[in-house]
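Notes for the one structure printed next.
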Amino acid sequence: MTASAGSSRIGVSGLAVMGANLARNIARRGTPVAVHNRTAARTKEFMQAYGDEGAFTPAESLEDFVAALERPRRIIVMVKAGKPVDAVIEELSPLLDEGDIIIDAGNSHFDDTKRRTAACAERGLRFMGVGVSGGEEGALLGPSIMPGGDPAAYAEVEEILTGIAAVVDGTPCCVHVGPDGAGHYVKMVHNGIEYADIQLIAEAYDLLTHVAGLDAPAIAKIFEEWNSGDLESFLIEITAKVLAKTDEKTGGPLVDVIVDEAQQKGTGTWTAVDALGLGVPLTGITEAVFARGLSALSGERRAAAKTLSGPNPSAAENREDLVDDIRQALYASKVVAYAQGFAQMRAASVANGWDLDLGAMATIWRGGCIIRAQFLNRITEAYAEHGDVENLLMVPYFTEAVANAQDAWRRVVITATEQGVPVPAFASSLSYYDAYRRERVPANLIQGLRDFFGAHTYRRIDAEGSYHTRWSQDGTEVRTDV
Ligand code: NBP
């Protein structure tokens with residue numbers, strides 16, 4: 001079906017897998033959509049394959065595309081993140097009128113979104129950075145959508161976006177996140193949390209394989225069971241499916257023949273780098289990024305496996321207990337990873353003046369996206385009941401959950417260390433927990449050392465002010481802020 005010019009409520013430019021599926025999702029719900037792609041052949045292929053799914057207006061040129069849109073024009077740009085987004089904005093801008101809305105729904109860095117928002121505003125255009133999660137299936141059937149930008153611009157697209165989003169308990173997984181880069185920021189942290197979740201699952205799998213001595217089909221059954229408890233989530237569900245899959249070629253588990261080098265597209269690194277800038281401890285996500293980096297050093301690992309010694313693994317004495325300990329360690333570490341991710345969003349909200357509603361972020365991640373999980377309801381409830389809590393670990397539900405799991409968590413980290421099985425995310429989450437609950441950490445010595453070698457000063461627990469000790473002179477302490 002082809003609609004007439006000027007009648008499309010929204011346009012999608014960029015018809016690779018994500019753009020094509022978003023356009024189809026919008027059109028299937030009765031909204032007329034103009035479609036465009038830099039390479040016109042892709043638009044033709046799109047129309048041949050899906051043209052009868054809704055009221056599409058295909059356009060070969062950007063001029064025709066813009067002419068096909070209602071005003072204010074609403075244009076979703078779904079092209080490769082980075083320079084292509086700037087290129088499309090440059091080409092589009094001269095064709096648009098004041099108040100038209102450009103929506104970047106790709107995985108752009110939030111700083112780029114801030115820059116583009118300001119540049120578009122100078123031209124009288126409204127720019128929105130919208131995080132979309134759920135991969136190609138989510139884009140088609142209902143993604144989690146994290147829109148950022150001017151609230152008035154959001155009001156112009158709210159109906160369309162909430163209409164195509166996943167719905168959980170009657171609530172669409174789409175809510176206005178905040179101004180300029182807020183939507184892409186939240187999407188970035190979402191992806192970071194996804195890294196941590198996946199790393200924790202991989203560590204559990206490693207322990208179940210090398211300490212509990214189980215094969216992939218047996219571990220698949222364990223994950224299936226875990227999916228009916230606190231851990232219930234899309235990632236646990238698909239872990240069971242991946243582990244249960246038989247390889248047609250070898251007749252063994254497919255996972256056993258997959259090369260152990262994890263790839264990444266960079267959003268985990270962005271999250272970790274941003275946390276470093278904000279000074280927010282983000283050990284779970286950051287260890288997950290490091291673990292992928294280490295997995296990629298396969299040549300070095302093969303050489304080191306022959307050279308570097310470690311303990312000889314021994315079979316677990318009580319396998320059932322160990323399996324349940326691993327489940328508890330996984331849950332406690334996951335709580336920490338989310339607590340850290342939400343603490344990071346809180347800090348970014350303050351730093352950027354975004355006023356993020358963190359409970360709403362958990363709500364819109366409940367459906368459509370990769371980290372969808374029952375657990376997110378607990379986070380929404382936590383913010384509803386405890387307002388602007390600094391760290392989710394301080395909310396009674398999570399305080400108790402981690403307290404209940406901590407004995408098992410400690411046993412797992414001890415066993416893994418004794419057996420030489422790397423558990424960077426389990427162990428760093430436990431260290432974070434132990435540091436966070438300490439009234440006094442050894443940073444007093446760090447300050448003493450900094451003052452010794454760099455005269456960086458320190459504060460005293462028993463008096464106001466900053467002090468410096470003349471360590472290598474007469475050893476006297478002087479107050480430096482008076
Ligand atoms: P890609 O990221 O593979 O980008 C391909 C699209 O970008 C094509 O339409 C291509 O046009 C267009 N493009 C490029 Br490349 N350079 C361009 C330029 N200079 N001017 C205009 N168009 C240009 O597509 P995708 O996998 O559909 O992802 C789109 C966005 O969604 C990305 O930001 C991605 O990170 C994000 N995302 C992807 C997923 C996923 O599961 N794939 C999930 C969530 C978010 P052409 O046909 O003419 O080459």
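The numbers here are math on the coordinates, done by the rules we state, and not lab data. Not measured: the values here are computed from a predicted model. Glycine also receives a Cβ, built like all others from the backbone with ideal geometry; neighbour counts cover every protein chain displayed.
The magnitude of the dipole of the range 187-436, with charges of +1 and -1 set on the Cβ of Lys/Arg and Asp/Glu and taken from the Cα centre, is near 660 debye. Arranged from fewest to most other beta-carbon atoms within 10 Å of their beta carbon, Ser295, Ser7, Ser233, Ser13 become Ser7, Ser295, Ser233, Ser13.
Once fully extended, how much extra length lies between Ser298 and Ala41, figured as 0.36 nm per residue of separation less the alpha-carbon to alpha-carbon distance?
Computed gain between Ser298 and Ala41 is 88.5 nm.
For Ala68, the residues whose amide H sits under 5 Å from its own are Gly6, ignoring neighbours fewer than 5 places away on the same chain, with H placed 1.01 Å from N.
State the three equivalent ellipsoid semi-axes of the range 194-320, derived from the C-alpha gyration tensor as the square roots of 5 times its eigenvalues, in descending order and whole Å. Three semi-axes, in Å: 26, 21, 16.
Pairs of Lys residues in the range 130-286 that lie 8 or more places apart, or on two chains, and have C-alpha atoms under 22 angstrom apart add up to 4. The convex hull of the Cα atoms of the chain, projected and averaged over all directions, covers 29.2 nm². Database remark: amide H of Thr469 closer than 5 angstrom to the amide H of Val478 (H placed geometrically; neighbours at sequence offset of 5 or more, or on other chains; Pro and chain starts carry no H). Think of the range 187-436 as having a plus end and a minus end, set by charges on the Cβ of Lys, Arg, Asp and Glu; of Gly266, Val412, Leu330, Gly266 sits farthest toward the positive end of this dipole. For the chain, the dipole from Cβ point charges (+1 on Lys and Arg, -1 on Asp and Glu) about the Cα centre works out to 720 debye, to the nearest 20. Working note: Debye formula, equal point scatterers on the alpha-carbon atoms of the range 128-183, no solvent; log10 I(q)/I(0) at q = 0.25, 0.28 Å⁻¹ is -0.94, -1.09. Counted over the range 261-309 with a bin width of 5 Å, the fraction of Cα pairs per bin, in whole percents, is 5, 20, 23, 17, 13, 11, 8, 2, 0.
Across the chain, the relative contact order, built from alpha-carbon pairs under 8 Å that are at least six residues apart, equals 12 percent.
Charged neighbours of Pro179, selected by a Cβ distance under 12 Å, balance to -1 (K, R count +1; D, E count -1). Candidate membrane-span-like segments in the chain, meaning DSSP H helices with Cα atoms spread over at least 24 Å of their own axis and a Kyte-Doolittle mean of 0.0 or above, are 182-210, with no membrane implied. The alpha carbon convex hull volume per residue for the range 10-180 rounds to 97 Å³. Relative contact order of the range 200-303, taken over Cα pairs closer than 8 Å and 6 or more residues apart, is 19 percent. Counting only DSSP beta bridges with both residues in the chain, tell me the antiparallel percent, nearest 5. Restricted to the chain, the bridges split so that about 40 percent are antiparallel.
Over the Cα atoms of the range 89-223, each weighted equally, I'd like the Debye log10 I(q)/I(0) at q = 0.16, 0.19 Å⁻¹, rounded to two decimals. Calculated log10 I(q)/I(0) at the listed q: -0.83, -1.03. Taking 0.36 nm per residue of sequence separation and removing the Cα-Cα distance, the Ser431/Lys221 pair yields an extension gain of 72.6 nm.
Scaled against 2.2 N^0.38 Å for its residue count N, the alpha carbon radius of gyration of the range 187-436 is 1.01.
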